[in-house]
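Student: The structure is given below, and queries will be raised subsequently.
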Amino acid sequence: MSEAKSIELEILFAFKVGMSSYYDDNGEMQSATVLRYEPMVVSQLKTSEKDGYSAVQVAFGPKRAKRTGKSEKNHLKGTGFENGAYFVREIRTKSAAEGVEVGAHISIASLKAGDTVKVTGTSKGKGFMGVVRRWNNAGGPGAHGSGFHRSPGSSGNRTWPGRVMPGKKFPGHLGDETVTVKNLSILDVVPEENVIIVRGAVPGAANSLVKLTKVRV
């Protein structure tokens, strides 16, 4: 991609690499999550007058194959992605972003060590689970002829209202939900390797995409 203007935003997207240990300046070990930042480029600016809301659209993850439709190529022609991009996301803004133009690169310096962020991602999907695992129900006795064990128990009512009330906790799909972890601190940013190190755990499996939003303290 050609040289372009570099800007900073309050929100970045990154890929989760995994967890590790990080030693701070005091020699204390911190549990940390390593994130890989894929350089983002502004692909479109949306305004309230034209689109009904204000947002900065960013593209990242250039496609290697040339099997890209003309519409995608035309949309991203100002970004330098000749074969299109795997990821296109929007960053909502309250008003038109000043100094932001199509083709501008989003700098990893948008986040710095010591910043506080909230991280949003999709939690790991764990498939179909019973109420003991999914909702932490106690279950019933495990011996002496009990037939209860890990069952959800009675779910009905009396003659009135004669139905199962909404919100009853039943077995079902566990995980694979949008989860936000608040007030995590940035331990380190390594621009040369496009690496961001966040204190603590963030939702999602390895290589999953997460959203980092800077929090004003």
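Bear in mind these aren't lab numbers, they're just calculated from the coordinates by the rules spelled out. Predicted, not measured: the structure shown is a model, and the values here were computed from it. In this analysis, Cβ positions are derived from the backbone assuming ideal geometry, glycine residues included, and neighbour counts consider all displayed protein chains.
Student: Assuming a ≥ b ≥ c are the square roots of the Cα gyration tensor eigenvalues, decide whether the range 108-172 counts as rounded (a/c under 1.5), prolate (otherwise, with a/b larger than b/c) or oblate. Let's see the in-between values first.
Tutor: Values: a/c = 4.12, a/b = 2.21, b/c = 1.86.
Prolate.
Student: Hey, which of these cross-link pairs are over 19 Å Cα-Cα: Lys5/Lys73; Lys94/Lys182; Lys182/Lys214; Lys182/Lys211; Lys126/Lys211?
Tutor: Violating the 19 Å Cα-Cα cut-off are Lys5/Lys73; Lys94/Lys182; Lys126/Lys211.
Student: Moving on to the next point. What ranking, highest mean first, results for peptides 22-35, 111-124 when packing means the other Cβ atoms within 10 Å averaged over each residue? Don't skip to the end; give the middle numbers.
Tutor: On the way: 22-35: 13.6, 111-124: 17.2.
Top of the packing list down: 111-124, 22-35.
Student: Which one, Ser146, Tyr22, Val181, is farthest towards the positive end of the dipole of the chain when Lys and Arg carry +1 and Asp and Glu -1 on their Cβ?
Tutor: Result: Ser146, furthest along the dipole toward the positive end.
Student: Grab the other residues whose beta carbon is less than 12 angstrom from that of Ser107, score K and R as +1, D and E as -1, and report the net.
Tutor: Computed value for this residue: +1.
Student: Rounded to the nearest 20 Debye, what is the dipole magnitude of the chain about its Cα centre when Lys and Arg each give +1 and Asp and Glu each give -1 at the C-beta?
Tutor: Numbers: 31 positive and 20 negative charges, 285 e Å.
It comes to approximately 1380 debye.
Student: Scan [x] 23.2, 74; [y] 16.4, 50; [z] 16.3, 46 for the value of Rg and Dmax of the Cα atoms in Å calculated from this model and give just the label.
Tutor: Step by step, Rg and Dmax of the Cα atoms in Å for this structure corresponds to label [x].
Student: Okay, next question. Under 15 Å from the Cβ of Lys211, count the other residues' Cβ atoms, weight Lys and Arg +1, Asp and Glu -1, and hand me the total.
Tutor: +2
Student: Could you list Thr79, Thr68, Thr159 so that the one with the fewest beta carbons within 10 Å of its beta carbon is first and the one with the most is last?
Tutor: Ranking Thr79, Thr68, Thr159 by Cβ neighbours within 10 Å, fewest first, gives Thr159, Thr68, Thr79.
Student: Within the range 173-217, list the residues whose amide N lies under 19 Å from a label point set 7 Å along Cα→Cβ of Asp24.
Tutor: 182-190, 196-202, 215-217
Student: At a 10 Å Cβ-Cβ cut-off, how would you order Tyr86, Tyr37, fewest neighbours first?
Tutor: In order of increasing Cβ crowding within 10 Å: Tyr86, Tyr37.
Student: Using the count of nearby Cβ atoms within 10 Å as a rough guide to exposure, how do Phe15, Phe87 rank from fewest to most?
Tutor: Phe87, Phe15
Student: Further question on the same structure: Charges at C-beta only: +1 for Lys and Arg, -1 for Asp and Glu. How large is the resulting dipole of the range 111-191 about its Cα centre, in Debye rounded to 20? Please report the intermediate quantities before stating the final value.
Tutor: Details: 12 positive and 4 negative charges, 79 e Å.
For the range 111-191, the charge dipole is close to 380 debye.
Student: In addition: Quick one: what are the phi-derived ³J(HN,Hα) couplings along the range 131-145, Karplus 6.51/-1.76/1.60 with θ = phi - 60°, whole Hz, x for glycine and proline?
Tutor: Once rounded to whole Hz, the list reads 5, 5, 7, 6, 10, 6, 5, 6, x, x, x, x, 8, 6, x.
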